[in-house]
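Reviewing the structure listed below.
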Amino acid sequence: MTRTNANLFSALTAAFPTRRSACAVETDTGLHYSWQDLLDASAMLANLLGSLKLPAASRIAVQVDKSVEALMLYLATLRAGHIFVPLNTAYQSGEMAYFLQDAQAAVLVCSSANLPWLQPLADAAGTRHVFTLNDNRTGTLLEAAARQRRTHTVAKVQPQALAAIIYTSGTTGRSKGAMLSHANLRSNAEVLQRYWDWKKPGKTKAQGGDVLIHALPIFHVHGLFVAIHGALLNGSKMIWCAKFDPRKTIAYYAQATVMMGVPTLYVRMLAESTLTPQATRGMRLFISGSAPMLVETHEQWRARTGHTILERYGMSETAMLTSNPCKPRDGTRRIGTVGPALPGVQLRIVDDAGQPVADGEIGGIQVKGPNVFQGYWQMPEKTAEEFTADGFFKTGDVGKRDPDGYVTIVGRSKDLIISGGYNVYPAEVEGYINNLPGVEESAVVGAPHPDFGEVGVAVVVPRAGAKLDPDSILTQLKAQLAHFKVPKRCVVVTELPRNAMGKVQKNVLRERYA
């Protein structure tokens, strides 16, 4: 049967419980939002967007602190048929100016504290509508929405209509906007609902179904799509943590069944004495992603709780691609792997010539499936480069697959650093360093870190006659870049190691500063 409306909002809300007064989201400050609250507020916000007379599929850029109201704004953007552009709250002026210009944002929603410096950037980018939204339920966005109706007809969209643009840094410097459609996001959410065996209300936890601890940011794929879509599509309550607190999170296990996190969160919870088998006895599933988890962390978690963390693999451009099994009939969870390709995802490992390699051999990971994005925003040439002639997306990651289909990520193409679950592309950071006074050139490499997994180390060469202070360089970067991109260490050297072709040998630098 042909779907009359492919809007993701319709799919998510169709799964809402019939008892709309039940709690959908409980915050760590004691607030309770019902399923009806999500419907009413998203309708009012969608009507507000409609009152602005925006062109169809306008970009709604959002840089706000985590709140349930921000979630409602996301739902409203889908509902109204516009395109959601979530932006990391750590982004600074140089980055925000680029995003607003590149996305040609029609609306910017930001925190009141950041309005003074963001308003001029919005004006320069031609963004006509600027609202504020704070994490304490204040701001001009909510004031304007309060005057709108609580009913709204969901915009009709085609399956390939864009739902979101997720900016992902590029190895050549500036970020690329990955275009994700309603069909991309819906297909991935539906696959994960089945594969991760989400329990609908009436099956577990005193007949309440699965309950998700949401302790992730909501400006990237993991927290915004994987976690939120998973809960909403299943009609599952969320326990909403605005900020991650390891001790509080462990205390929430008594009320929950599912948690998603990055390795850093699990490492920090392992440091708490309250993490015990008793504390986690009601939990069904712990999921980790966005960065590789150390085998040691896996083993410590299992020893302390009796649970084996499910590790999976995805990207901004594709949402989730692989996952260790959840249900025993699908196989066992193998530590050190990210599991087999998800149902509907085609995954292959190829050599430099693009030819498939044998099981166990290392090569580039390529994927194809209904979850794979539509391309990069306003970058047709870059999009064409990243897809093969037969439609596979070149992930840029390097890995291997065993005979049972389990994938192991062994490295990353180029020089990507994953720090605390966030992608850091050295070329972008190097661009800012090289523009600082007295800098001749620089190289940024990753170094192992027990908490963040990896952190950046900046190796900087001064111009002739210039004297550079490493601490000053880092201080200047903090004013221009998101905190997770700023290297944790800076070293000033007379020259960078190079090979016979003049290329900087970053492998030498990694070994030297590991």
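Show the residues, 5+ positions off or on another chain, whose built amide H is closer than 5 Å to the amide H of residue 175.
Hits under the 5 Å cutoff: 170.
Which cross-chain or sequence-distant (5 or more) residues have an amide H under 5 Å from the amide H of residue 397, H modelled 1.01 Å from N in plane?
365, 413
Once the piece of chain linking residue 136 and residue 245 is laid out straight, how much longer is it, given 0.36 nm per residue of separation minus the C-alpha distance between them?
37.4 nm
Would you please give the FRET efficiency between residue 466 and residue 353, computed as 1/(1 + (r/R0)^6) with r the Cβ-Cβ distance and R0 = 51 Å, to the nearest 0.05?
0.70
Just how large is the dipole of segment 8-243 about the Cα centre, in debye to the nearest 20, putting +1 at every Lys and Arg Cβ and -1 at every Asp and Glu Cβ?
My answer is approximately 660 debye.
Net charge within 13 Å of residue 435 by Cβ-Cβ distance, Lys/Arg positive one each and Asp/Glu negative one each, not counting residue 435 itself?
Around residue 435, the surrounding residues sum to -3.
7 Å from Cα along Cα→Cβ at both residue 389 and residue 52: what's the point-to-point distance in nm?
Between residue 389 and residue 52, the simple spin-label model gives 4.5 nm.
Identify, among 114, 101, 182, the residue whose Cα sits farthest towards the positive end of the charge dipole of segment 98-203, taking +1 on the Cβ of Lys and Arg and -1 on the Cβ of Asp and Glu, with the dipole about the Cα centre.
182
Counting other C-beta atoms within 10 Å, which of 187, 288 has the fewest, and how do the rest follow?
Taking fewest neighbouring Cβ atoms as first place, the list is 187, 288.
List the residues, sorted by chain then number, that are 5 or more residues from residue 132 or on another chain and whose placed amide H is less than 5 Å from its amide H.
It is 110, 140, 141, by chain and number.
Can you sort 210, 404, 415, 197 by how many other beta carbons sit within 10 Å, fewest first?
Fewest-to-most ranking of 210, 404, 415, 197: 404, 197, 415, 210.
Report the net charge of residues surrounding residue 83, where surrounding means a beta-carbon distance below 15 angstrom and charges are Lys +1, Arg +1, Asp -1, Glu -1.
With Lys, Arg at +1 and Asp, Glu at -1, the neighbours total +1.
Find the relative contact order for segment 310-412 and round it to a whole percent, using C-alpha pairs within less than 8 Å whose residues are 6+ positions apart.
Relative contact order comes out at 26 percent.
In what sequence do 245, 352 fall when counting other Cβ within 10 Å, fewest first?
By the 10 Å Cβ count, ascending: 352, 245.
Assuming a viscosity of 0.890 mPa s and a temperature of 25 °C, what translational diffusion coefficient in µm² per second does Stokes-Einstein assign to segment 8-243, Rh being the Kirkwood radius over Cα pairs?
The estimated diffusion coefficient comes to 136 µm²/s.
Mind giving me the nanometre distance, one decimal, between the label points for residue 273 and residue 507, set 7 Å out from Cα along Cα→Cβ?
For residue 273 paired with residue 507, the spin-label model returns 4.8 nm.
Tell me which lysines have Cα within less than 21 Å of residue 488's Cα, excluding those fewer than 8 residues away on the same chain?
Residue 488 reaches 414, 467, 478, 506.
Nearest 20 debye, what's the magnitude of the dipole of segment 362-514 about its Cα centre given +1 on Lys and Arg Cβ and -1 on Asp and Glu Cβ?
Dipole magnitude for segment 362-514 comes out near 200 debye.
Restricting attention to the alpha-carbon atoms of the chain, what are Rg (one decimal) and Dmax (integer), both in Å?
Expressed in Å, the Cα Rg and Dmax of the chain come to 22.9, 73.
Which FRET efficiency value, to the nearest 0.05, do you get for residue 302 and residue 112 by plugging their Cβ-Cβ distance into 1/(1 + (r/R0)^6) with R0 = 56 Å?
The pair residue 302/residue 112 has a calculated efficiency of 0.80.
Relative contact order for the chain: what percent, with Cα pairs under 8 Å and sequence separation of 6 or more?
This gives 12 percent for the chain.
In straight Cα distance, which aspartates and glutamates are under 14 Å from residue 368, not counting same-chain residues fewer than 8 positions off?
Within reach: 317, 386, 390.
How much FRET efficiency would the formula 1/(1 + (r/R0)^6) give for residue 128 and residue 29, where r is the Cβ-Cβ distance and R0 is 51 Å, rounded to 0.05?
0.90
Below 30 Å Cα-Cα, how many Lys pairs turn up in segment 8-243? Only count pairs eight or more apart in sequence, or on different chains, if you could.
The result is 23.
Using label points projected 7 Å from each Cα along Cα→Cβ, tell me how many nm separate residue 381 and residue 14, to one decimal.
It works out to 4.2 nm between the two label points.
All of the numbers you see were taken from the coordinates with simple rules; none came from a lab. Being a predicted model, the structure only gives us computed values, none of them experimental. No Cβ is skipped: glycine too gets one built from the backbone with ideal geometry, and neighbour counts run over all protein chains shown.
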